[in-house]
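Novice: One structure is given below, represented as structure tokens, and several questions about it will come after.
Here, each number is a calculation from the coordinates, and none is a lab measurement. On a predicted model such as this, the values are computed, not experimentally measured, just so you know. We place every Cβ from the backbone using ideal geometry, glycine too, and count neighbours over all the protein chains shown.
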Amino acid sequence: MELKRLQLERKIIDAADGALTSEEMRQLKAELQDYPDLLSDFHDIMKQPDLSALYGSADEKSNFKNQISNIQHAINQYEFQNKSFEEVSLIWFRKYAIAASIAVLAVTSVFRIESVSEHQTDSEYLISEIFYPNLESEADDYMIYLEELSTQ
Amino acid sequence: MDKDIRKKFQQEIPNLYPRLHRALSAYLSGSALDPEDILQEAFLKAYKNIGRFQGNSTLYTWLYSIARNICIDEFRKQKKESGRSSVPVEEHRIESDEFKHRDERDDILELRKAISELPELLRTIVIMKSVDGLSYPEIAEVTGINEQTVKNRMFRARKELAQLMKNYSM
């Protein structure tokens, strides 16, 4: 008896979901004649409005941009907290590798410039001579002119 | 393997969030809980426990059950503090422009209020089926009860809903 009632309850829900054929519906109504309380429930349930439109449709992804990025941020923080020292070091190294390289280059360049200015060399002059061997220098001409003047 | 699942999970967040937000807003209608706070906690909890996701259910229903469990814990905390009281109709906000006529708007408000007054399990089943469109096997996964019992609970839910609507003389 109780089992039959449970079966009928499930059939009523199938009917409310529109999952029964007209023949199955007719059979259900006939069976419910022996259970007046269930028949009354059946009519009440079938009268209920469609609930699917009650809360509107799901909003677009773009409306939840901030919430989604907050979740992703929380996940990233969690990921970061759970990494080993080596992994963290690698992440930091990758993140700041370019900046660190530029900084190291800049610092070493300063030392190089300082050392060059302390011990004057004519390396720049030699290089220009190597690249431009036939190019006559006006300064050289001027020096020769001065030497000639002094010997006269 | 675990890394792949984590990556996939992160990629799926933007797709899962809007639907879960809608379902949770319906579930929490009239409650003081904020669906956005619950969802943030649920996503993070899911990510931390991604190894437990077997792939038998969908990611959506798995997240749904996590979010629901968080809500149940919060309801328990609230109940301890003050006891759950009925919620005034005014707290069931309508943000959609779909329901412009006053009578229709009032009907919607009262229906939402009626749903929010259902016991937790019945409310979950009504929302999952009627509002979110989940199948009975999916609802069984989320609630942890078998499919036949879900249908019987659905019958009880709709019967109680009919009674509540009669009380509001709808």
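Novice: With a 10 Å radius around each residue's Cβ, average the other Cβ atoms per peptide and rank B:38-50, A:40-52, B:121-133, A:20-32, highest first.
Specialist: On the way: B:38-50: 18.8, A:40-52: 14.8, B:121-133: 22.0, A:20-32: 12.6.
Result, highest mean Cβ count within 10 Å first: B:121-133, B:38-50, A:40-52, A:20-32.
Novice: Which entries in the list A:K83/B:K7; B:K79/B:K151; B:K48/B:K79 go over 20 Å, if you measure between the two C-alpha atoms of each? The partial results should precede the final answer.
Specialist: Values: A:K83/B:K7 16 Å; B:K79/B:K151 28 Å; B:K48/B:K79 28 Å.
Those over the limit are B:K79/B:K151; B:K48/B:K79.
Novice: Counting partner chain Cβ atoms within 10 Å of every residue's Cβ in B:29-41, what's the average? Before the final figure, lay out the partial values.
Specialist: On the way: counts 2, 0, 0, 0, 0, 0, 1, 5, 1, 0, 5, 6, 2.
Across B:29-41, the average partner-chain Cβ count within 10 Å equals 2.
Novice: Enter the mean number of other protein chain beta carbons within 10 Å of the beta carbon of each residue in B:111-124, as an integer. Write out the running numbers ahead of the final one.
Specialist: Values: counts 4, 3, 0, 0, 3, 0, 0, 0, 0, 0, 0, 0, 0, 0.
Counting Cβ atoms of other protein chains within 10 Å of each residue's Cβ and averaging gives 1.
Novice: For the residue pair A:A53 and A:I102, what label-to-label distance in nm results when each label sits 7 Å from Cα along the Cα-to-beta-carbon direction?
Specialist: 5.9
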